[in-house]
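The values are calculated or read from the model by the stated rules, or taken from the named source; none is laboratory data. Bear in mind that the values here come from a model prediction, so they are computed numbers and not experimental data. Heads up, the Cβs are rebuilt from the backbone with ideal geometry, glycines too, and the neighbour counts pull from every protein chain shown. These area figures cover heavy atoms from the full protein model, side chains too; ligands, DNA and RNA do not enter into them. Shrake-Rupley method; radii C 1.70, N 1.55, O 1.52, S 1.80 Å.
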Amino acid sequence: MAGTLVSCSEARDDDSGFTAGVGPVTSGGGIETASGSATVTGGGSATDDAGSADGDTGVKFDIAGGPDAGLPPVDMCKVLDDMNAVGECETQAPPDSFTPQTQWTFGEGQSSWVTPLVGNFTDDDGNGEIDLCDTPDVILVANTTIGYGTACYVYFIDGATGIAHFSIPPSELVSCTATPAFGDIDNDGLPELVTVYNDGGVFRIKVFEHDGTVKWANTTDGGSAAQFQRESGAIALHDLDADGDVEIIFNHEVYDHLGNLLWEHPNPAPGELEATTAADLDGDGQMEVITGHSAYRADGSVYYENSPTIPGQSIPQVGNLDDDPEPEIFVTSGIGIFMLEHTGAIKYGPVTPTGVAAGAYLVWQRPGTIHDFDGDGLSEWASSSQSAYAVYEGPLASDVLWQTLVSDSSGAAGGTAFDFLGDGVAEAMYADENFFRIYDGQTGTELLAIERGSPTISEYPVVADIDNDGSAEILVVSSSGQPALQAIGDAEDRWIQARRIWNQHAYFVTNVREDSTIPQVAPNNWESLNTFRTNAQIEGGGICDPIPPG
């Protein structure tokens with residue numbers, strides 16, 4: 001059944017949702033299917049084969065063309081933009097358009113601790129290609145019983161209906177606590193899913209083709225590392241050395257697209273929930289691999305090292321967070337939050353501006369978010385502690401834009417943000433042990449609360465246009481009391497359109513194109529959108545940045 005939605009303006013029980021995909025049916029070849037009928041709730045209609053809500057193929061995509069540019073309709077299905085052009089968003093939703101509603105649910109009786117992903121994996125219009133004219137798919141790691149040491153299904157769910165196309169079965173031993181990533185790692189024009197699996201007690205990498213068949217499984221590396229740290233880690237995909245081949249980052253290790261270990265570094269304090277990222281910190285055209293305490297050049301040499309000042313159990317986020325043009329690294333760690341210069345020099349920290357004392361490492365080590373929350377044209381940064389979620393403009397308590405009480409003593413959940421109304425002020429989102437909540441990004445006023453249950457690992461809600469209807473949706477996972485996945489959208493599909501992709505835990509918009517290709521040279525996200533773990537809006541056929549109010 002659907003969850004209970006509680007808004008500032010109204011409270012209602014939404015019983016019109018549905019549950020799909022509870023019982024997988026084996027179809028052979030190591031892949032399972034889940035079939036059934038479903039009803040889409042809300043003011044919009046189900047998408048047709050072309051991915052449009054009314055048969056019109058002119059849906060706005062992350063591309064640089066279309067009919068208005070004099071291009072043939074086929075170009076609407078392909079990514080043409082080089083991602084360097086970011087325009088200004090001008091479209092706004094109608095007044096009073098914030099009416100969230102559960103569109104569908106998936107996995108009654110199942111649980112998930114892993115951030116869901118969104119991308120195109122199936123040929124929904126039957127034209128022999130997987131492209132932007134197909135309905136996006138949601139990737140969910142879930143099972144009836146989850147935890148450390150257990151294996152999960154990986155479901156590929158139709159974003160419009162909430163019905164699974166197929167699933168990877170638990171016999172493939174995919175970790176229930178690690179976050180996969182996907183992208184076109186072999187230049188075949190199709191996405192591959194890169195997962196963490198249990199190889200006889202050693203957690204290694206296994207890659208699946210777009211249809212769920214095994215591509216390869218690494219069986220040689222990682223045995224000497226701390227397995228508890230690896231079991232709950234996150235995969236990231238980047239072309240580190242700008243040579244056209246994608247590298248796979250797994251915590252402190254880097255592999256090529258065939259699974260060969262390129263280099264590794266020991267983790268000085270291994271623990272849960274590593275979410276390594278990458279960025280070109282020194283402007284040399286190659287990316288550095290950034291952990292919470294260190295950064296390494298593309299060839300594996302040390303760029304900076306801050307251990308033990310910053311514990312190994314820490315999570316990095318990259319953005320331009322001061323008045324110089326270079327990026328900063330916002331780090332959440334067990335002893336508080338840090339800010340580093342692009343050189344690795346500590347700008348400040350550890351600090352605990354909300355007043356929550358540092359203690360066990362998960363008190364402050366949470367996935368962070370970078371976004372312009374308040375519409376002032378400058379990006380803030382946000383993260384939680386066990387009892388407070390806050391948006392920051394600096395290191396002091398007086399620099400906290402706003403904070404609100406949360407309940408998350410058991411784990412380390414995270415948040416995101418998106419400007420659903422296109423009015424220049426973002427909505428902030430956070431999911432703790434009991435509720436998924438939406439807040440006004442400027443004031444912290446609670447706009448919505450929807451029940452979800454989880455002891456929380458490092459999962460967080462994501463925003464994407466999951467059904468190709470030109471309106472953003474929200475995905476929230478649960479592990480007790482509610483279905484494993486809830487899809488939430490506006491009751492009349494009036495929210496501004498988001499990109500239709502979210503490919504990894506340490507997601508930022510320029511790390512992946514909407515067709516799942518990984519850029520050979522990724523544009524510096526802090527020089528345009530300046531966001532991290534948030535999605536971009538689409539308008540007029542390309543990525544746009546909201547115009548600050550006033």
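Quick look at the values:
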item: Selected residue (only one of E451, E446 is surrounded by fewer than 24 Cβ atoms within 10 Å (Cβ to Cβ) and more than 30 Å from E231 (Cα to Cα)); result: E446
item: Considering residues of the stretch 272-293 that are open to solvent by less than 10 Å² (accessible area, probe 1.4 Å), small (G, A, S) and assigned to a loop (DSSP other than H, G, I, E, B) only, the residue nearest to R533 (Cα to Cα); result: A275
item: The stretch 321-335 - residue that is out of contact with any Asp or Glu (no Cβ under 9 Å at 6 or more places or on another chain) and open to solvent by 40 Å² or more (accessible area, probe 1.4 Å) and, of those, nearest to P270 (Cα to Cα); result: I335
item: Qualifying residue in the stretch 303-317 (condition: charged (D, E, K, R) and in a loop (DSSP other than H, G, I, E, B)); result: no
item: Any hit, the stretch 501-511, residues being open to solvent by 20 Å² or more (accessible area, probe 1.4 Å) and not small (G, A, S); result: no
item: Within the stretch 383-408, considering residues that are among the acidic types (D, E) and open to solvent by 10 Å² or more (accessible area, probe 1.4 Å), the one farthest from G319 (Cα to Cα); result: D399
item: Top-ranked residue in the stretch 519-543 [being surrounded by fewer than 23 Cβ atoms within 10 Å (Cβ to Cβ) and hydrophobic (A, V, I, L, M, F, W, C); ranked as farthest from P116 (Cα to Cα)]; result: V521
item: Checking L140 against (1) in a loop (DSSP other than H, G, I, E, B); (2) of a type in the set (A, V, I, L, M); (3) in contact with a Phe, Trp or Tyr (Cβ under 8 Å, 6 or more places away or on another chain); (4) modelled with pLDDT of 90 or more, the condition it does not meet; result: (1)
item: Test: residue in the stretch 406-416 that is of a type in the set (A, V, I, L, M, F, W, C) and outside any loop (DSSP other than H, G, I, E, B); result: no
item: Checklist (1) within 23 Å of P95 (Cα to Cα); (2) of a type outside the set (K, R); (3) surrounded by fewer than 24 Cβ atoms within 10 Å (Cβ to Cβ) applied to I474, failing item; result: (3)
item: V118 being open to solvent by less than 20 Å² (accessible area, probe 1.4 Å), of a type outside the set (D, E), in contact with a strand residue (DSSP E or B) (Cβ under 8 Å, 6 or more places away or on another chain) and assigned to a strand (DSSP E or B); result: yes
item: Subset tally (residues that are in contact with an Asp or Glu (Cβ under 6 Å, 6 or more places away or on another chain) and open to solvent by 20 Å² or more (accessible area, probe 1.4 Å)) for the stretch 247-256; result: 0
item: In the stretch 121-142, the residues that are surrounded by fewer than 24 Cβ atoms within 10 Å (Cβ to Cβ) and in contact with a helix residue (DSSP H, G or I) (Cβ under 6 Å, 6 or more places away or on another chain); result: D131, L132
item: Complete set of residues in the stretch 294-312 that are open to solvent by 30 Å² or more (accessible area, probe 1.4 Å) and touching a residue at least 40 places away in the same chain (Cβ under 8 Å); result: D299, Y303, P308, P311
item: Long-range neighbours under 6 Å by Cβ, at least six apart or interchain, first residue of a type in the set (D, E, K, R) within the stretch 79-96, second open to solvent by less than 20 Å² (accessible area, probe 1.4 Å) and at pLDDT below 90; result: D81/I63; D81/G542
item: Candidates D493, D467, D419, filtered to the one that is over 30 Å from P325 (Cα atoms) and either buried (at least 24 other Cβ atoms within 10 Å of the Cβ) or within 14 Å of the chain's Cα centre (by Cα) (or both); result: D467
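Residues are listed down the side, and each one gets a yes or a no for (1) in contact with a Phe, Trp or Tyr (Cβ under 7 Å, 6 or more places away or on another chain); (2) open to solvent by 30 Å² or more (accessible area, probe 1.4 Å); (3) assigned to a loop (DSSP other than H, G, I, E, B):
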| residue | (1), (2), (3) |
| --- | --- |
| I337 | yes, no, no |
| T343 | yes, yes, yes |
| P350 | yes, yes, no |
| P353 | yes, no, yes |
| V356 | no, no, yes |
| R366 | no, no, yes |
| I370 | yes, no, no |
| F373 | no, no, yes |
